[in-house]
Amino acid sequence: MARPDSRYVCDSCGASHAKWSGRCDVCGEWNSLVEEAAPKPIPKGLRAAGRALELVGLRGAASTPPRLVTGIEELDRVLGGGLVEGSAILIGGDPGIGKSTLVLQAGAALAAAGAPVAYVSGEESVDQIRLRAARLGLASARVRLAAATSVGDVIATFDHADAPRLVIIDSIQTMYVEGIDSAPGSVTQLRSSAHELIRFAKRRGCALFLVGHVTKDGQIAGPRLLEHAVDAVLYFEGERGHQFRILRAVKNRFGAANEIGVFEMREQGLVEVQNPSALFLAEREAGVSGAAVFAGMEGSRPLLVEIQALVGPSALGSPRRTVVGWDAGRLAMLLAVLDARCGLAIGGRDVYLNVAGGLRISEPAADLAVAAALVSSLVEVPVAPATVMFGEVGLAGEVRAVSQIDARLKEATKLGFDCAILPGSAGTAPRAGGLRLCGLKRLSELVEVLGAGRDAKLELAHDLTA
């Protein structure tokens, strides 16, 4: 029986299937199988001859890889101190969120410092890039431009001794390798294009920026192999209608993962936010119930953000749960703990939760601040504006310790807060760096402090008095 000339590859996970089906058996995605030409088998007699590897020990003279500082401090922070020579960085985000703007600003900053930079666009013409550069005030930057989609042409242009220090590819989904019978953006073309470009970057020692499209789920389009092949994966977070942009490193071989950089979108492009905590709290109103300030950690950076909650009666048989910036499953767990362990009748009410500023929080240390915002809204008792809080809540209602407490308290002190509610295991010293510490061992203690355990109209205790 003749070998089939085509196969079906999943756009989501890259798994190969002999025939088409509506659902991928590996990752479970629907309508993700795309037909592509099957690779030609290698004759049995043509096996590649291998050679023995030289094995070395862990101890050796390892040197820190040299960094190419872009001059954009927030970007350099996310990258771990700057670009590493020969590294490949994949940047993803929603359309219009600022990916092309950021890489153009980074390229212009490096070019201004004397580093050769090349910008290759597969989506825009050279004139369109020039128009954007003029709008951003970068028309005089010495960035070499080209509009191309062939990987072979790109490598032939820059694969020489005077290769640029930085090559920007916008976007990887538009690139194709000649000789592969697949459309640009398919799994085979993405894999081959990224492989060839990364090999070129490693060979010539130039940094490589790859701009990537995202799917409707917010993941970078193409198989996960694309993210595994690069050295760093950066995601842009935030709404296009909101002025704040969060650049998060979800993978970084040369720095800390989950590090963030904060930008603000203005007419002149993306502007760095040097003190994001102060900016996120700038429009916070005092004396409003249903709001609490959370002292969180994003990578190695402490960050203070306001968590807002609104609890009201439900007119429907099934109460609504609307969450922006937090995990909906964790909110359901916290509501169950408040109901079962603290005696609050909150399960039958509509609950709306929002993290102000467009930031998305994933660490469990936000449990205590979310619970405080929910209880405050329920009993209509505001939390004192000079109070921050953090702590993880367990299913038994206990408040568990979290990491990097000193960094959280230091950031709160710098912004003028005078009281911190934290897990009781962290200590209850009356003063620490100018803060009054209020340690809680159980979530019910917070409910009593806010007056929900006795009377919804009781005033706050002394530690929380505004």
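Derivation of every value follows stated rules applied to the coordinates shown; laboratory data play no part. Only a predicted model underlies this, so the values are computations on that prediction, with no experimental measurement involved. Neighbour counts are summed over all protein chains in view; Cβ atoms, including those assigned to glycine, are modelled from backbone coordinates with ideal geometry.
Here are some notes:
- Antiparallel bridge percentage (DSSP; both residues within the chain; nearest 5): 55 percent
- Annotation for the stretch 224-270: GluC sites (Glu not before Pro) lying in DSSP loop with at most 15 further Cβ atoms inside 10 Å of their Cβ are Glu239, Glu267.
- Taking a ≥ b ≥ c as the square roots of the eigenvalues of the Cα gyration tensor, the stretch 67-274 is classed as rounded, since a/c falls below 1.5.
- The lysine pair count for the chain, using Cα distances under 21 Å and pairs eight or more places apart or on different chains, is 5.
- Global size of the stretch 284-464 as Cα Rg and Dmax, reported in angstrom: 15.0, 49
- 5 Å binning of all Cα-Cα separations within the stretch 221-314, expressed as whole percents from 0 upward: 3, 11, 17, 19, 17, 14, 10, 6, 3, 2, 0
- Nearest-20 debye value, the chain charge dipole, Cβ charges on Lys, Arg, Asp, Glu: 1080 debye
- Shown for Asp127, Asp94, Asp153: other C-beta atoms within 10 Å of each C-beta, ranked fewest to most, produce the order Asp127, Asp153, Asp94.
- Calculated P(r) of the stretch 271-365 - Cα pairs past 22 Å, %: 35 percent
- Relative contact order of the stretch 67-274, defined on C-alpha pairs under 8 angstrom at six or more residues apart (%): 29 percent
- Cα Rg over Rh - the chain, Kirkwood: 1.05
- Helical content of the chain, expressed as a calculated mean residue ellipticity at 222 nm, amounts to -7000 deg cm²/dmol (DSSP H runs of 4 or more residues, -39,500 (n - 2.57) each, divided by residue number, nearest 500).
- The order of Met265, Met175, going from fewest to most other C-beta atoms within 10 Å of their C-beta, is Met265, Met175.
- Extended-chain gain in nm, criterion 0.36 nm per residue less alpha-carbon gap, Ser314 and Glu178: 43.0 nm
- According to the Cα-based calculation, Rg over Rh for the stretch 46-111 is 1.20, with Rh computed by the Kirkwood formula.
- Net charge dipole, the stretch 258-311: roughly 120 debye, given to the nearest 20, about the Cα centre with Cβ charges of +1 for Lys and Arg and -1 for Asp and Glu.
- Principal-axis tilt of helix 187-204 within the chain, Cα atoms, nearest 10 degrees: 80 degrees
- For the stretch 305-354, convex hull volume per residue from C-alpha positions, Å³: 79 Å³
- Relative contact order [Cα under 8 Å, 6+ residues apart], the stretch 284-464, whole percent: 24 percent
- Along the axis of the charge dipole computed for the chain (Cβ charges of +1 for Lys and Arg, -1 for Asp and Glu, origin at the Cα centre), the listed residues Leu190, Gly122, Leu409 are led at the positive end by Leu190.
- Cα-based helix-to-principal-axis angle, 367-379 vs the chain, degrees rounded to 10: 50 degrees
- By the count of other C-beta atoms within 10 Å, a proxy for reagent exposure, Ser314, Ser289 are ordered fewest to most as Ser314, Ser289.
- Rounded, prolate or oblate (a/c below 1.5 giving rounded, otherwise prolate when a/b exceeds b/c) for the stretch 354-427 by Cα gyration tensor: rounded
- Taking Cα atoms only, the orientation of helix 328-342 departs from the longest principal axis of the chain by about 20 degrees.
- For the stretch 284-464, a simple Cβ point-charge model (Lys and Arg +1, Asp and Glu -1, everything else neutral) yields a dipole of about 160 debye relative to the Cα centre.
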